[in-house]
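Novice: Okay, here's the structure, questions in a sec.
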Amino acid sequence: MEAAAPIAPHLTPVLGRYFQRDWSHGQGHRLYDTAGRAYLDFANGIAVTALGHVHPRVTAAIHAQVDKLIGPINAVGFTEPITRLADEIAATFADTLDSVMFLNSGSEAIDGALKLARRVTGRPGIVAFRGGFHGRTWGAMSVTSSAINYRTGYEPLLPGVHLSTFPAAYRDFGGDDDAAVAGAMADLRTLTSTDIPASSVACVLIEPVQGEGGFTPAPPAFLRELRAFCDEYGILLIADEVQSGYGRTGRMWAFEHAGIVPDVVVLAKAIANGLPLSAIVSSRELQERWGRGAHGSTYGGNPVACAAGSAVLATIREDSLVENAVARGAELRSGLERIAAEDDRIGNVRGPGMMIGVEFVKDRATREPDGTLPDRLSAACADAGLLVLTCGSKHEVVRWIPPLDVTAAEISEAVEIFGETLAGIPRDEA
Ligand SMILES: Cc1ncc(COP(=O)(O)O)c(C=O)c1O
C-alpha cells in the first residue's frame, strides 16, 4: 500500500486504502485521477465493478429505476425489480438453490448465512478455514483469519467457531494438490474428533478460492470431499462466492469447478456492479425452516440495486463473459507465467479464470513469502498507469481481477506494464 498522505483530513484513517490518490471518475476499464490521468483499472474496487465503470446497460437500468421507485420496499410487499432478480439469480444455480434473500454487503450476508445454519440445524458449531476472509461484522470477523489485524482487540469473538486447515497447496503442502486435500481433510477430522463433534457442527463455510487470504484455490477434490463430509454428518456447506462468483473463475460460480452443489451460497461484490447488494441463496425448504422474521433488513434488496443486478446478469449472459473470463484468463496466466519464468522472485502463479494470484518469495527453494515487494510493485504499477492490488496475510501476492469484459489488448497492456515495472525494481530495493 502507498504511504498515507493527508488528502482528506476529515475522512477516517481507519479504512485501509491501497493508493493515496484522488479519483475523479471512471469510464469503461479506466479510472481517472483528478489530474486527468487514466489508469487501467484491474482492481475494480476489489472485484466489484466487474463490468467496468459506468457500464451503459447497468447505468441505463439504474436511471430508469430511479425515476420509478427507489425504495426500500421489502417491509411492505413486493416489487418487480427485486422479484425478477431473485428469479434470475436462482436460474444461475442448480434447481435446489432456488430461494434468494437480498441484503446489503458481503459481511451482512455471511452473518445471515451463519444465523440460518445455527437456527435450522439447532447446532452451535461453525467450521471455517484458516486464511479465509468473510468480512468485518462480528460474525463474519469471527470466521475470518486472513490477517490478525482483523481480529485483534475484538475478543471474545463469536463462540462456537473452529478453524481448520485450508488446502493451500503451494504454501503449505509443497505444491502437491493431493497432499493438500489429504492434509486438510485429516485436520478437519482431527478437529471433529478432538474439539467439537461433527454432530454439533451447523455449517462448514469455505471460499472455493480464498480471496484476501492469497488468491488460493481449494483443489476441486477437496470441495468434493467436504461435500461428502457434510452429507455424512448433516452439516450445511456454505460457499462464500462474494469474490469468486459471477464468472470470475471461468464458471459462473467457483464451486462448479468441483461439480458440487453447496447448501447455501453467499454473493455480493459484482452482483450490482458497484451498488450495495448481496444475497444468501439456498433451497426454499431451508429458508422456510429458518422461519418468517428470523432475519431481515431495511435496505437489503432495494429496487435500484436489483435493477442494476438484472443488467449485470443479462450482460454476463449475452456478452458471453464467463467464456471471456476463460479465454482472457488463459492469456493473462500465460503472460504472467512468462514473466515468472524469467524472474525467480515470483514463486507461484495460480488460480482459475481471471482470479489469478502471483505469489512473491524471498527464495524459491524455501518459499519464504516476500511481504514487501508486492506492495512496492503495486505502487510502481500505478505510477505506470495500471491498478493491481495485493493480498495474502503478508501482502505476498499480487492479485489479478480484471473486469469480466476485458479485451485481449488490455490484457497485453497490463502484462507488459507489470513485467516492465517488476524488471525495473532492483532486488535490493524491494
Ligand atoms: C470472500 C469475501 N467474503 C466476504 C467479504 C465481505 O464483503 P463486504 O466487504 O461487502 O462486507 C469479502 C470482501 O472482500 C470477501 O472477499
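Here, each number is a calculation from the coordinates, and none is a lab measurement. What you are looking at is a predicted structure, and each value in this text was computed from that prediction instead of being measured. Don't worry about glycine lacking a Cβ; one is built from the backbone with ideal geometry, like all the others, and counts go over all protein chains shown.
Novice: Which whole-Hz couplings ³J(HN,Hα) result when phi for each residue of segment 362-378 is put into the Karplus expression 6.51 cos²θ - 1.76 cosθ + 1.60, θ = phi - 60°, listed in order with x for Gly and Pro?
Specialist: Working through the residues one at a time gives 7, 7, 4, 5, 8, 6, 5, x, 9, x, 10, 4, x, 5, 5, 5, 4 Hz.
Novice: Using modelled backbone amide H atoms (1.01 Å from N, in-plane), which distant-in-sequence or interchain residues come within less than 5 Å of GLU207's amide H?
Specialist: When sequence neighbours closer than 5 places are left aside, the close amide H contacts are ASP240.
Novice: Where the only charges are on Cβ atoms (+1 Lys, Arg; -1 Asp, Glu), what is the dipole of segment 110-183 about its Cα centre, to the nearest 20 debye?
Specialist: 480 debye
Novice: Same structure again: Considering only PRO81, ILE235, GLY300, whose Cα is most displaced toward the positive end of the charge dipole of segment 58-318, charges sitting on Cβ of Lys, Arg (+1) and Asp, Glu (-1)?
Specialist: GLY300
Novice: Moving on to the next point. Among 162-170, 247-255, how do they line up from the highest to the lowest mean number of other beta-carbon atoms within 10 Å?
Specialist: Put in order of decreasing packing, that is 247-255, 162-170.
Novice: Relative to the Cα centre, what is the charge dipole magnitude of the chain, using +1 at the beta carbon of each Lys and Arg, -1 at the beta carbon of each Asp and Glu, and rounding to the nearest 20 debye?
Specialist: 1000 debye
Novice: Okay, moving on. Could you check the simple spin-label distance between ALA38 and ASP383, using points 7 Å along Cα→Cβ, in nm with one decimal?
Specialist: Between ALA38 and ASP383, the label points sit 2.3 nm apart.
Novice: Taking θ = phi - 60°, what integer Hz values does the Karplus form 6.51 cos²θ - 1.76 cosθ + 1.60 yield along segment 289-300, in sequence order, with x for Gly and Pro?
Specialist: 3J(HN,Hα) across segment 289-300, in whole Hz: 5, 4, x, 4, x, 5, 8, x, 6, 5, 9, x.
Novice: Among DSSP beta bridges lying fully in the chain, give the percent that are antiparallel, nearest 5.
Specialist: 65 percent
Novice: Something else now. Just the Kirkwood number for the chain, please: inverse of mean 1/r across all distinct Cα pairs, in Å, one decimal.
Specialist: 22.1 Å
Novice: So what J values fall out for segment 179-184 if you push phi through Karplus, 6.51 cos²θ - 1.76 cosθ + 1.60 with θ = phi - 60°, rounded to Hz, Gly and Pro as x?
Specialist: 5, 5, 5, 5, x, 5
Novice: Specify which residue in the list ALA169, SER145, PHE19 is farthest towards the positive end of the charge dipole of the chain, using unit charges on the beta carbon of Lys, Arg (+1) and Asp, Glu (-1), about the Cα centre.
Specialist: Working it through, the farthest residue towards the positive pole turns out to be SER145.
Novice: Can you tell me how segment 133-270 classifies by the Cα gyration tensor, rounded, prolate or oblate, using a/c under 1.5 as the rounded cut?
Specialist: rounded
Novice: Now for a separate question. Take THR96, project a point 7 Å from its Cα along the Cβ direction, then tell me which residues of segment 262-288 have their backbone nitrogen under 12 Å from it.
Specialist: Answer for this model: 262-265, 282-286.
Novice: Moving on to the next point. Based on the mean of other beta carbon atoms within 10 Å per residue, what is the order of 32-40, 197-205, 211-219, 44-52, most packed first?
Specialist: 211-219, 44-52, 197-205, 32-40
Novice: Oh, and also: Of the peptides 300-308, 257-265, 12-20, 335-343, how do they stack up when ordered by the mean number of other Cβ atoms within 10 Å, highest first?
Specialist: 300-308, 257-265, 335-343, 12-20
Novice: Can I ask one more? Around GLY347, which amide H atoms from residues at least 5 apart in sequence, or from another chain, sit under 5 Å from its own amide H, with H modelled in the peptide plane?
Specialist: It is GLU359, PHE360, VAL361, by chain and number.
Novice: With the dipole of the chain worked out from charges on the C-beta (+1 for Lys and Arg, -1 for Asp and Glu) around the Cα centre, which of LEU40, PRO402, GLY291 lies farthest toward the positive end?
Specialist: GLY291
Novice: How much FRET efficiency would the formula 1/(1 + (r/R0)^6) give for ARG224 and GLU288, where r is the Cβ-Cβ distance and R0 is 35 Å, rounded to 0.05?
Specialist: 0.80
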